[in-house]
Amino acid sequence: MANYGENEAQRKFWNEAPGQSWVKHDGVMNLRLGNISDILFDRLKGTPAFNVLDIGCGTGSTSIRLAKTLTQGALVTGIDISKPMLEKAREKATELANVSFVAADAQTYQFEPGKFDAAISRFGVMFFEDPPKAFENLRSAMKPGSQLTFVCWAPYDENEFFSVPLKTVLDFIPSQYELIANAPGPLAFSDKNYLLGILQSSGFSNSHIEAVKTTVDTTDAPEEDAALLMQIGFGARAVREAELDQKRTDELFQLFLANSKVRQRDGIIKYAATVYIVTATA
Ligand SMILES: C[S@@+](CC[C@H](N)C(=O)[O-])C[C@H]1O[C@@H](n2cnc3c(N)ncnc32)[C@H](O)[C@@H]1O
């Protein structure tokens, strides 16, 4: 059994039901994050990269896209703490000789020093218990002067994919649901100053944060959208914590469904989103 050491709560989270939901919805989640991936890959253009690290690579979608788009001979390594998600990543990448995956905690894994000439992440760096330690460890794995580029979520209020489902749950079951600032989770780096402080204290320089407005879109039917939002994201977390019986779960599903139907226009359901594209030099 792998020893993940620190980040035990996140290891459990991503190896149990939430990680398994990501595996189950891998295809649709990747489509929903399509606009954001395009923005990330657009910003990566021109970054010299022959040996790239994909941090918190999950089911491997960005690792595979990198492997297909980089210069011939370039290598991609995805690291992730979730075994089921990596299993899916390996399955998807079987035909690619230039991608490999490591099952480990990126905060503590002993990388070969200075191995990577670029590091990227799509939403895989906000879950560390000790972010300065994790970023210091990641920086040591990168060649001095090479570039880290990642995307993370801006504040909750700017991201309907989080706020719409959570509001639906909280209107249904009024409870004291607390969003803890800077705690490990999707919104951990939504405070720009906090994020810049972490990058600086872990030795990165030239840190830059660009806020980009976009949308999380899907052509899924409202029924599929509602079902997915009850399994992934902030609404899903509140649903899990409420431990509803089947009757109440079905009632709540009808509310999710009504929301999804209202948002659908010309066959597309859209959620407004703001992300940060973050770059820093190792
Ligand atoms: C929101 S998912 C994003 C997955 C993937 N990058 C994508 O965009 O599809 C966050 C990922 O970070 C991973 N993760 C969380 N903590 C980690 C850690 N300490 N070390 C490595 N990966 C971690 C999770 O297992 C999960 O796959």
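The values are calculated or read from the model by the stated rules, or taken from the named source; none is laboratory data. On a predicted model such as this, the values are computed, not experimentally measured, just so you know. Using ideal geometry, Cβ is built from the backbone for each residue, glycine included, and neighbour counts are taken over all protein chains shown. Calculation scope for accessible area: heavy atoms of the full protein, side chains included, ligands and nucleic acids excluded. Shrake-Rupley method; radii C 1.70, N 1.55, O 1.52, S 1.80 Å.
Worth pointing out:
- Helix 34-44 vs. the chain, principal-axis angle (Cα, 0 to 90°, nearest 10): 20 degrees
- Counting only residues at least eight positions apart within a chain, or on another chain, the lysines with an alpha carbon under 24 Å from that of LYS261 are LYS24, LYS167, LYS213, LYS247, LYS270.
- Take the chain with all the other protein chains still there, run a 1.4 Å probe, and you get 46 Å² of accessible area per residue.
- Residues ARG265, ARG43 ordered from highest to lowest accessible area at a 1.4 Å probe: ARG265, ARG43.
- Using a probe of 1.4 Å, the accessible surface attributed to PHE50 totals some 110 Å² when neighbouring protein chains are kept in position.
- Here the gap between ASN182 and GLU243, fully extended at 0.36 nm per residue and compared with their Cα-Cα distance, gives a gain of 19.4 nm.
- Estimated distance in nm for a label pair at LYS24 and GLN200, the labels positioned 7 Å out from Cα along Cα-to-Cβ: 4.4 nm
- If R0 is 22 Å, the Cβ-Cβ spacing of THR69 and ALA211 corresponds to a FRET efficiency of close to 0.30.
- Separation between Cα centres of the range 166-183 and the range 17-42, rounded to whole Å: 24 Å
- Angle in degrees between helix 131-140 and the longest Cα principal axis of the chain, rounded to the nearest 10: 40 degrees
- Going by accessible surface with a 1.4 Å probe and the largest first, LEU96, LEU75 read LEU75, LEU96.
- Net charge contributed by nearby residues that have their C-beta within less than 13 Å of PHE41 (K/R +1, D/E -1): +2
- Inter-part distance where the range 61-75 and the range 219-281 are each reduced to a Cα centre, Å: 31 Å
- Proximal lysines relative to LYS45, as straight alpha-carbon distance under 18 Å, when same-chain residues fewer than 8 apart are discounted: LYS68
- Anisotropy class of the range 92-151 from Cα gyration tensor, a/c 1.5 cut: prolate
- Only protein heavy atoms count here; under a 1.4 Å probe, MET142 has an accessible surface of about 10 Å².
- Computed extension length for THR274-GLU16: 90.1 nm, one decimal, from 0.36 nm per residue of separation with the Cα-Cα distance subtracted.
- Annotation: amide H-H contacts under 5 Å for ASP220 (H modelled 1.01 Å from N, sequence separation of 5 or more, or interchain): ILE269.
- Accessible-area order (highest first, 1.4 angstrom probe) of the listed residues GLU210, GLU178, GLU241: GLU178, GLU241, GLU210
- Estimated translational D of the chain in µm²/s (Stokes, Kirkwood radius over Cα pairs; 4 °C; 1.567 mPa s): 67 µm²/s
- Taking each DSSP H run with n ≥ 4 as -39500 (n - 2.57) and averaging over every residue of the chain yields -12500 deg cm²/dmol at 222 nm.
- The range 71-126, accessible surface, carbon-and-sulfur percent (1.4 angstrom probe): 47 percent
- Crossing angle, helix 246-263 versus the chain [Cα axis fit, 0-90 degrees, rounded to tens]: 70 degrees
- Extent along the principal axes, Cα only, for the range 164-282: 53, 36, 18 Å, with the longest axis given first.
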